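This report concerns only the one structure given below.
The values are calculated or read from the model by the stated rules, or taken from the named source; none is laboratory data. Computed from a predicted structure; not experimentally measured. Positions of Cβ are backbone-derived with ideal geometry, glycine not excepted, and every protein chain shown enters the neighbour counts.
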């Protein structure tokens, strides 16, 4: 947040007067850049707006300004940031008390309590912001941003702070860690469950993350599906017991409907059997 105002020189530079034959007139002027008032430094951007209550880059350094606009004098960890004592914030990787931390270079905020993408690798950070050194499964509680409900997220840590991404095999079972559904550029990592696309193929994963090896029919709250036995889910046409069925792009069997398939109007009975 920033507050815009025209500043009279008397605030920071002392009261400036010039004398005429009739009266003394205060000179009013918009202030830019660094300004000092007693023991505090302030900064005004190119629009004359005083920077305050935020982290702000100046001359290649990230500074923190308090709510009144004064440059911060804090030292050490505070409010999810690390203060150097000269108004600047630490960013990037750093080691403190034999633990590694990473601070976002844009916001100055500590990465903590979850998995974060750092320079193209995914790392897991504990609640205090320290990088995990644990090797194995991590049970993490997260809040769904859409429903505001808490759910369990699973990660597998490699022991060096990074966590598994893409395909991962553990005790003979395959898992997949990938882009969180519905997220965009700054996406979140998650272990896949349910019906999910991977590399252009639709797969089925159990609630515990195991890729399904089952072959045959399964039913859920969306309808009937057919599993191929290699983890993938049937889409398109399927012939079973001399009957034809059709599955949409999400692997759901069409039933009791007429719709366009292969540029033709096709009919399916209540059991999903194609009837012409």
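Structural remarks
- So residue 165, is it under 29 Å from residue 91 (Cβ atoms) and crowded, with 17+ Cβ neighbours inside 10 Å: yes
- Criterion (at negative phi and not assigned by the TED database to the domain that holds residue 134) met by exactly one of 170, 271: 271
Residue by residue, here is whether (1) at pLDDT 95 or above; (2) within 27 Å of the chain's Cα centre (by Cα) holds:
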residue: 20; (1), (2): no, no
residue: 38; (1), (2): no, no
residue: 49; (1), (2): no, no
residue: 65; (1), (2): yes, yes
residue: 96; (1), (2): no, yes
residue: 102; (1), (2): yes, yes
residue: 106; (1), (2): no, yes
residue: 120; (1), (2): no, yes
residue: 125; (1), (2): yes, yes
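- If you check 25, 31 for being surrounded by 11 or more Cβ atoms within 10 Å (Cβ to Cβ), modelled with pLDDT under 90 and outside any strand (DSSP E or B), only one passes: 31.
- Flag: residue 239 matches the condition of being modelled with pLDDT of 95 or more, over 23 Å from residue 175 (Cβ atoms), surrounded by fewer than 13 Cβ atoms within 10 Å (Cβ to Cβ) and not assigned by the TED database to the domain that holds residue 151.
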